[in-house]
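Derivation of every value follows stated rules applied to the coordinates shown; laboratory data play no part. In this text, all values refer to a predicted model and were calculated from it rather than measured experimentally. Glycine gets a Cβ as well: all are built from the backbone with ideal geometry, and neighbour counts include every protein chain shown.
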Amino acid sequence: MVIRLEVRVSKTIDKIGKEAIDSIADDGFFTYGYFKTLEISRPFNVVPVYLAAYDGDRMIAAAPCHIDPGTKVSALKNNSPFSKRIVNIAGHFGFHPNRMLVCSPPSSYHSKILIGDDIAKKVILDKVCEGVDGICRKERISFSSFPHVSEFEDLLMENLQDFGYVKFPSVSTFSLDVKWSNFEDYLRSLESHKIRTTVRREIKKCRESGVTIAEENEFGSLATALANLHSNLFSKYNKGLGSPRNASFFKGLSEYAKEKTRVLVASRNGKIVGFSLSLQQKDTLDVHLCGFDYDTQMSTDFSYFNVVYYATIRMAIEEGIKRVHYSISSDRIKQKRGCKLEKTYSFIKCHNRYLGPFYNLYMKIAHAQQRYASAS
């Protein structure tokens, strides 16, 4: 089969269309509803950019990206004094030193290229990377990155370095493969009697404290309450800062991604005390965010563990969901509850034709030295 590929760039997901993107999306962060919500509510200060590969009129691949105006580059500059100098010199030469083209959805720990059933994946990757290069030239952007490539994402892991990207270890994420016929089977699968006893006790204590957990389908009406609860948690772990996801974000999900958003609400005496929100695409569920009322939360109600883990896992088992993603942090908590660690890697490319070779060589040497030190 002859494929005549054309890569088109757009700034809105409507140019691609709901049916086209959802037909090849394999997780909730890559769906029309999530992208549309971000465009409407704008919780993050980024500019969306979508690269879509077409064979004639048929879209066969997509690479959702965004232009980050500063946060990613600031993190890059903090990696080393050399990186900081490269960024500053790039600005001197007229490139935008504080902008990066990030090849993943905002707030997602997945970097990938969505490809349909076509077999010419390497050819598609080549065209997409050419498109990324073209955007960086046109916009005078110094760096592009695939920040969270899973160790199991073979296409990117095996080929991105051929396109000038330098590979670095990134964060570890966690996932749970759902392979049980009922919740009791899941409990029996936990690695020790002590952990099984702990989980059963946390479920019992939650029930005895008067907390009930139920799915809320009409969560748009709760947008303000959910935003406040999430901001409580966000502030707790971000030095008092408020969450960028305000009520309009939750209303947007309700309007554009309602069928792909699963909201579990924990209540006591008719009042919401916590929630978890997950994004579902086909048989994959991503636990995206949660929030709690710390003023009413009791240390013995274990509402966090119940709404984020146990109720979610029970729902996944009952509905035939095959995998639950739990993103980063709280490693021991996740692993004790059956999650498996998944390594991710960051791939970064400097697009300044003069500085790029020096940057890439330096970072390769620095990475090699870091690996040697870790192995010693």
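Helical runs assigned H by DSSP (4 residues or longer) give the chain a calculated mean residue ellipticity at 222 nm of -12000 deg cm²/dmol, each run adding -39500 (n - 2.57) before division by the residue total. A DSSP coil position with no more than 15 other Cβ atoms inside 10 Å describes the following chymotrypsin sites (Phe, Trp or Tyr not before Pro) in the range 246-299: 294.
Look at (1) 22.2; (2) 22.9; (3) 29.0: the one that is Kirkwood radius over Cα pairs in Å derived from this structure is (1). Entry note, the range 179-321: relative contact order of 29 percent, from Cα contacts under 8 Å with a spacing of 6+ residues. Summarising the label geometry, the points placed 7 Å from Cα in the beta-carbon direction at residue 271 and residue 294 lie 1.7 nm from one another.
The stretch between residue 158 and residue 241 holds 26.0 nm of extra length on full extension. This uses 0.36 nm per residue minus the Cα-Cα distance. Annotation: for a label point projected 7 angstrom from Cα along Cα→Cβ of residue 139, residues of the range 43-70 with backbone N closer than 11 Å are 46-51, 65-70.
Relative to the compact-globule scaling 2.2 N^0.38 Å, provide the ratio for the alpha-carbon radius of gyration of the range 148-275. Could the numbers behind the result be given before it?
Working: Rg = 19.9 Å, N = 128, 2.2 N^0.38 = 13.9 Å.
For the range 148-275, the normalised Cα radius of gyration comes out at 1.43.
With a cut-off of 8 Å between alpha carbons and a minimum separation of six or more residues, what is the relative contact order of the range 1-52 in percent? Mind dumping the intermediate values first?
Details: 41 pairs, mean separation 25.9, N = 52.
Relative contact order, the range 1-52: 50 percent.
Kindly flag which residue pairs out of 167/343; 127/322; 194/260; 11/282; 11/112 have an alpha-carbon separation exceeding 24 Å in this structure.
Values: 167/343 13 Å; 127/322 32 Å; 194/260 35 Å; 11/282 26 Å; 11/112 18 Å.
Violating the 24 Å limit, Cα to Cα: 127/322; 194/260; 11/282.
Approximating the spin labels as points 7 Å out from Cα along Cα→Cβ, the residue 130-to-residue 191 distance works out to 4.8 nm.
Bridging of residue 138 to aspartates and glutamates at a Cα separation below 15 Å is possible for 130, once same-chain residues fewer than 8 apart are set aside.
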